[in-house]
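Right, one structure below, let's go through it.
The values are calculated or read from the model by the stated rules, or taken from the named source; none is laboratory data. Source: prediction; values computed, not measured. Quick reminder, even Gly has a Cβ in these numbers, built from the backbone with ideal geometry, and neighbours come from all protein chains shown. Only protein heavy atoms, including side chains, enter the accessible area calculation; ligands, DNA and RNA are left aside. Shrake-Rupley method; radii C 1.70, N 1.55, O 1.52, S 1.80 Å.
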Amino acid sequence: MTIVFNKQFYHLQAIKKATEAYKELAVFNIKEKDNNIEIDIDGVDKDVKDVIKDEFCNYVLAETKKFT
Amino acid sequence: MLSDSNKIKLNREKVGFCRFKKLDDKYLLTNDVGYYYFLEPDKFKDFMEGKLKRESDIYQELKDKGFIRDDFDIDEMIKTCSSCNISSIGGPSLHIIVVTLRCNFKCIYCQASRRSMEEKQYDMDVKTAKRVVDTIFESPSKVITIEFQGGEPLVNWPVVKFIVEYAREKNRTEKKKLLISLVSNFSLMTEEKYKFLTEKEVSLCTSLDGPEELQNRNRPLPNGNGYRLTTSWINKIKKDEQDKTKKGHACYYLSALATISRFSLKYPKEIIDEYVKWGFRGIHLRPLSFLGFSGGPAKEKIGYSPEEFMEFWREAMDYIIEINVRGKLFYERGVRIMLTKILTDRDPGFLDLRSPCGAAIGQLVYNHDGKVYTCDEGRMVKDDTFMLGDVNKDTYKKIISNPKVKTMVTASILDNLSCDYCVYKPYCGVCPVLAYALYGNLFPQVINTDRCKVHKEMFDYVFRKLQNERTGKTFNQWVTLPKTKA
Amino acid sequence: MSKPNINKSENKIVISVDPKLYPLESIYGAAYVFLDRAYVFLDGDSKKEVYVHLKGKKKLTDGDMENLADEFLNELLNYSLRYQISKDNRQIREYIVGAALIGALGENIDKSMESDEKDWKKDPLGIAVPWEEKYAKRDGTKKKEPPLKGAVGQKDGKK
């Protein structure tokens, strides 16, 4: 699965912190593309597959707020 | 329904710094100094738009409390702010000494990860104890409190005795205000030890979780009745207190702490009745920290959600207020600490509920092996993340200069966190150790933490009750209670 | 702000916010408050139109969705107000807290805060001017001795 974060609202450092926090649950691949940061998520732990995308986005938002 | 702030045109010259939230049908305002004020929605709008009449009572009170930007006494605000935060400066004053990790009880939630009575390697030796006391007296704080913890400190009685004597002796030249306290289950107390502790003015604190069945379930003593042993000493010490009070002699009051496990949730009234029965002036209803054993596999069996805890807590608080209304003064210590911050310009010096937290700058913890930790919670984390040094190798200066001290301060200054917008910020605090232990992050997403949920609801409760004339009077009595000898 | 877009199948609402009326800091602040009960995602154009996606953590009814939208807008309004108040008073807050801590350490406030003092003098509202000087000249009122924190109060919650 892929999440596209808009750079105007999300901070790259925040995304990196979130991937660090979630590294036990999935494999994250970060790509910067123009105004976006794309995250590919693979190898998701089966216990969290339904919620990982949304939970990850919340985590990134909370981390991003620390930079504002 | 959209909020009243939809139509507000903020008067930027008139509105002084405040945080606010709508609590039921009124707006609650607070500021950095810790003043609060309730406003009806229409008056809130007038205030925000700078339209309050200068001669009105509301304007005058808001002015006195520093809410009017172009009309307040800045020197007075500085003075009050200073006295409210006095414990944040001056160096660590609380020094917790873990004289042993051994304990004869097997409490289901033990946060200190106790050791069995056979494991004597977890006792502090006299050489380390001497270094601990020497290090403590290097703190610049004029007030020093030494608190014995464990394990069960009475298991290592020779070292307790040595520290008390050595600290009292050392203080003859150091001339600090020296307070010593001992937290014990009393099961190993003897007349001789009690006499020594009384003579050396050591204040005593114990753990009492409730009536016999509950106490023995939460705090089992293998092959014995822990409740009976603990309460027989509570009974004796309380009788001595009464005798001394009658004779007009000053004395320390025995205090006790109640830890709330899942098994306690059904018994809010019974727990309080137990405290009243033994003659305590109050109770501290403490939720589990989820550190040590309470954070391990036992968590599912003994733990609870913040909502379950708060249901218990509200019922207990309602009952405590009822007791006060019936004419008996009896307080909840956590609420009393909050009220001291809300209603007075005194700093209760409670290290868990302030910004920055008390870790390292307000307290230090000396483990049995001489290792020094930022705080009581810090030593409960299994690794040495919060270790600052070792009294057998390092000076006080080296210990306190550890970069971790600065990190802890930064991590617990609420201005750096989303808490800066919370109306309860002047009265609250975060615990970076808990955040690290529970969420793996010193800087947690505060709003998602159980601690934040519990504190917010407690403050909501307190501020709701403060608006009630009768309860407000009771709460004022709690913060004006005469102090004990300490 | 236009009417929120409700997407029942995804258990989600999308709110459009004008960033000229509500600074991005307020949008972040309001969004943060909802993190414990909704999944929040931001998108759009930070200069023209911000889309706030709120997806319920639990299944939301139609009423819940409308309430969620209203609550978010309320929080956004309140946060904007708080943000502006905080911004307007930042300098004075820092001065009070800084002076309080320095005072408690027994340092000379005037000396320690010298640079801040200079900044004060730039303050068009004259907040740094002592109360007596400021008002005694204007209306002749003598400075009232300010009461202790605990002594000031209102009927419903006396300090």
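Going by the structure shown, is residue A:67 modelled with pLDDT of 95 or more and among the hydrophobic types (A, V, I, L, M, F, W, C)?
Working: modelled with pLDDT of 95 or more: no; among the hydrophobic types (A, V, I, L, M, F, W, C): yes.
No.
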>> Can you say whether residue B:229 is open to solvent by less than 50 Å² (accessible area, probe 1.4 Å) and either of a type in the set (A, V, I, L, M, F, W, C) or touching a helix residue (DSSP H, G or I) at 6+ places or on another chain (Cβ under 8 Å) (or both), as far as the supplied structure shows?
In response: no
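From B:269, B:277, which residue is without any contact (Cβ under 8 Å) to a residue 40 or more places away in the chain and not β-branched (Val, Ile, Thr)? Working first, answer last.
Values: B:269 fails: without any contact (Cβ under 8 Å) to a residue 40 or more places away in the chain.
Checking each option against the conditions leaves just B:277.
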>> Among the residues of the stretch A:29-43, what is the count of those that are on the phi < 0 side of the Ramachandran plot and open to solvent by 40 Å² or more (accessible area, probe 1.4 Å)?
In response: 8
>> I'd like to verify a number: residues in the stretch A:16-68 that are outside any strand (DSSP E or B), touching a helix residue (DSSP H, G or I) at 6+ places or on another chain (Cβ under 9 Å) and within 14 Å of chain C (Cβ to nearest Cβ), how many?
In response: 16
> When only residues in the stretch C:37-65 that are in contact (Cβ under 8 Å) with a residue 24 or more places away in the chain and in a loop (DSSP other than H, G, I, E, B) count, which is nearest to residue C:14 (Cα to Cα)?
Replying inline: C:60
>> Every residue in the stretch B:236-253 that is touching a residue at least 12 places away in the same chain (Cβ under 8 Å), surrounded by fewer than 15 Cβ atoms within 10 Å (Cβ to Cβ) and in a loop (DSSP other than H, G, I, E, B), please.
In response: B:250
>> I want to confirm something. Restricting to the stretch B:5-22 and keeping residues that are in contact with a strand residue (DSSP E or B) (Cβ under 8 Å, 6 or more places away or on another chain) and either of a type in the set (Asp, Glu) or farther than 23 Å from residue B:74 by Cα (or both), which single residue is surrounded by the most Cβ atoms within 10 Å (Cβ to Cβ)?
In response: B:21
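Looking at residue B:275, is it of a type in the set (Ser, Thr, Tyr) and open to solvent by 10 Å² or more (accessible area, probe 1.4 Å)? Please lay out each step first, then the result.
Values: of a type in the set (Ser, Thr, Tyr): yes; open to solvent by 10 Å² or more (accessible area, probe 1.4 Å): no.
Judged against the criteria, residue B:275 is not a match.
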>> Let me spell it out: the conditions are (1) closer than 16 Å to residue B:379 by Cβ; (2) β-branched (Val, Ile, Thr); (3) within 14 Å of another protein chain (Cβ to nearest Cβ), and residue B:86 meets all of them except one. Which number is the exception?
In response: (1)
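If you check residue B:382 against the conditions, is it within 17 Å of residue B:113 (Cα to Cα) and not hydrophobic (A, V, I, L, M, F, W, C)? Steps first, please.
On the way: within 17 Å of residue B:113 (Cα to Cα): yes; not hydrophobic (A, V, I, L, M, F, W, C): yes.
Considered against the rule, which asks whether it is within 17 Å of residue B:113 (Cα to Cα) and not hydrophobic (A, V, I, L, M, F, W, C), residue B:382 comes out as yes.
How about the stretch B:404-486: which helices (runs of 4 or more DSSP H) wholly inside it have at least 1 residues that are at pLDDT 90 or above and surrounded by fewer than 17 Cβ atoms within 10 Å (Cβ to Cβ)? First the steps, then the outcome.
On the way: elements: B:432-439, B:450-466, B:469-479.
Hits in the stretch B:404-486: B:450-466, B:469-479.
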>> Quick check on my filter: what residues within the stretch C:58-83 are crowded, with 17+ Cβ neighbours inside 10 Å and not hydrophobic (A, V, I, L, M, F, W, C)?
In response: C:71, C:74, C:75, C:78, C:79, C:80, C:82, C:83
> If residue B:280 satisfies every condition in (1) of a type in the set (Phe, Trp, Tyr); (2) open to solvent by 10 Å² or more (accessible area, probe 1.4 Å); (3) in a loop (DSSP other than H, G, I, E, B) but one, which is the exception?
Replying inline: (2)
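Here is a yes/no grid of residues against (1) at pLDDT below 90; (2) more than 18 Å from the chain's Cα centre (by Cα); (3) within 12 Å of chain B (Cβ to nearest Cβ):
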| residue | (1), (2), (3) |
| --- | --- |
| C:36 | yes, yes, yes |
| C:49 | no, yes, no |
| C:54 | no, yes, no |
| C:58 | no, yes, no |
| C:73 | no, no, yes |
| C:78 | yes, no, yes |
| C:87 | yes, no, yes |
| C:97 | yes, no, yes |
| C:102 | yes, yes, yes |
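Looking only at the stretch B:51-66, filter to residues that are touching a residue at least 24 places away in the same chain (Cβ under 8 Å) and open to solvent by 30 Å² or more (accessible area, probe 1.4 Å); which one of those is nearest to the other protein chains (Cβ to nearest Cβ)? Outline the logic, then answer.
First, the residues of the stretch B:51-66 that are touching a residue at least 24 places away in the same chain (Cβ under 8 Å): B:51, B:61-62, B:65-66.
This time we only want the ones that are open to solvent by 30 Å² or more (accessible area, probe 1.4 Å), so: B:51, B:61.
Details: B:51: 15, B:61: 6 Å.
Of everything passing the filter in the stretch B:51-66, B:61 is nearest to the other protein chains (Cβ to nearest Cβ).
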> Got a number for residues in the stretch B:33-50 being surrounded by fewer than 17 Cβ atoms within 10 Å (Cβ to Cβ) and on the phi > 0 side of the Ramachandran plot?
Replying inline: 1
> Within the bounds of the stretch B:257-268, is there any residue that is open to solvent by 10 Å² or more (accessible area, probe 1.4 Å) and touching a strand residue (DSSP E or B) at 6+ places or on another chain (Cβ under 6 Å)?
Replying inline: yes
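Scan the strands (runs of 3 or more DSSP E) fully inside the stretch B:353-395 and keep the ones with 1 or more residues being modelled with pLDDT of 95 or more and open to solvent by 10 Å² or more (accessible area, probe 1.4 Å).
Working: elements: B:363-366, B:371-373, B:387-390.
Output list reads B:371-373, B:387-390.
Select, from B:353, B:339, B:329, the only residue that is within 14 Å of chain C (Cβ to nearest Cβ) and in contact with a helix residue (DSSP H, G or I) (Cβ under 7 Å, 6 or more places away or on another chain).
Values: B:353 fails: within 14 Å of chain C (Cβ to nearest Cβ); B:329 fails: within 14 Å of chain C (Cβ to nearest Cβ).
Step by step, each of B:353, B:339, B:329 is checked, and only B:339 is within 14 Å of chain C (Cβ to nearest Cβ) and in contact with a helix residue (DSSP H, G or I) (Cβ under 7 Å, 6 or more places away or on another chain).
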